[in-house]
1. Does Y51 satisfy the criteria of being of a type in the set (F, W, Y) and surrounded by 18 or more Cβ atoms within 10 Å (Cβ to Cβ)?
2. List, please: which pairs have Cβ atoms under 8 Å, are six or more places apart or on different chains, and start with a residue in the stretch 67-86 that is assigned by TED's automatic domain parsing to the domain that holds I98 and end with one that is exposed (fewer than 11 other Cβ atoms within 10 Å of the Cβ) and not in a helix (DSSP H, G or I)?
3. Does the stretch 59-66 contain any residue that is out of contact with any Cys (no Cβ under 7 Å at 6 or more places or on another chain), touching a residue at least 24 places away in the same chain (Cβ under 8 Å), of a type outside the set (V, I, T) and assigned to a loop (DSSP other than H, G, I, E, B)?
4. Of the residues I96, I101, which single one is modelled with pLDDT of 95 or more and of a type in the set (A, V, I, L, M)?
5. In the stretch 1-23, what count of residues is obtained for those that are crowded, with 19+ Cβ neighbours inside 10 Å and within 16 Å of G48 (Cβ to Cβ)?
6. A97 - would you say it is part of a helix (DSSP H, G or I), loosely packed, with under 12 Cβ neighbours inside 10 Å, out of contact with any helix residue (DSSP H, G or I) (no Cβ under 8 Å at 6 or more places or on another chain) and not β-branched (V, I, T)?
7. Could you check Y34 against (1) at pLDDT below 90; (2) closer than 16 Å to A110 by Cα and say which number it fails?
8. State whether one or more residues within the stretch 113-134 are assigned to a helix (DSSP H, G or I), touching a Ser or Thr at 6+ places or on another chain (Cβ under 8 Å) and modelled with pLDDT under 95.
Amino acid sequence: MSLIKKGNPLYGPAKLRCPRCHEGKLFKTPTFSYSKPFEMPERCSHCGLDYWPEPGFYYGAMFISYIFTGFFCISFVLALHWGLGWSTGASFAALIAICAIFFVYIFRLARAIWLSINVRYNPNTVDHDTTSISNRYGNS
């Protein structure tokens with residue numbers, strides 16, 4: 001049983017699904033795949049949402065990733081160093097290992113969050129029209 005259900009604004013980013021229909025996948029490969037980890041389809045396979053509305057659209061996702069990673073790194077090192085008594089070097093070595101493993105997931109999560117900030121959930125929309133930005137993003 002999932003705590004986050006379709007229609008919830010957190011569903012799209014949590015499941016890495018299209019924020020408009022919560023059906024189509026945002027990435028071509030599985031979450032922890034290191035084979036083509038950054039490739040996204042151009043459109044949602046279910047509702048036709050354009051995942052690339054304009055050049056540079058995902059620059060905002062960099063800030064989300066930076067903020068999330070910064071807070072995580074600080075709290076992780078402090079917890080290991082002060083909470084568990086690890087040395088500074090061991091704490092940073094563990095941090096580098098964790099960040100290397102989860103880098104792709106953090107990248108994908110930041111893009112999913114950025115896209116869901118800009119697109120509203122609307123399960124009734126099936127739009128293959130590429131001319132109207134207001135229609136694609138649910139704006140009136």
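1. So Y51 fits the description; yes.
2. Every condition considered, the pairs that remain are H81/S87.
3. No, the stretch 59-66 has no match at all.
4. Every option except I96 fails the conditions.
5. Within the stretch 1-23, residues that are crowded, with 19+ Cβ neighbours inside 10 Å and within 16 Å of G48 (Cβ to Cβ) number 7.
6. Answer is yes for this residue.
7. All conditions are met except number (2).
8. Yes: the stretch 113-134 contains one or more residues that are assigned to a helix (DSSP H, G or I), touching a Ser or Thr at 6+ places or on another chain (Cβ under 8 Å) and modelled with pLDDT under 95.
The values are calculated or read from the model by the stated rules, or taken from the named source; none is laboratory data. Quick caveat: nothing in here was measured; it's all calculated off a predicted structure. All Cβ positions, even for glycine, are placed from backbone atoms using ideal geometry, and neighbour counts span all protein chains on display.
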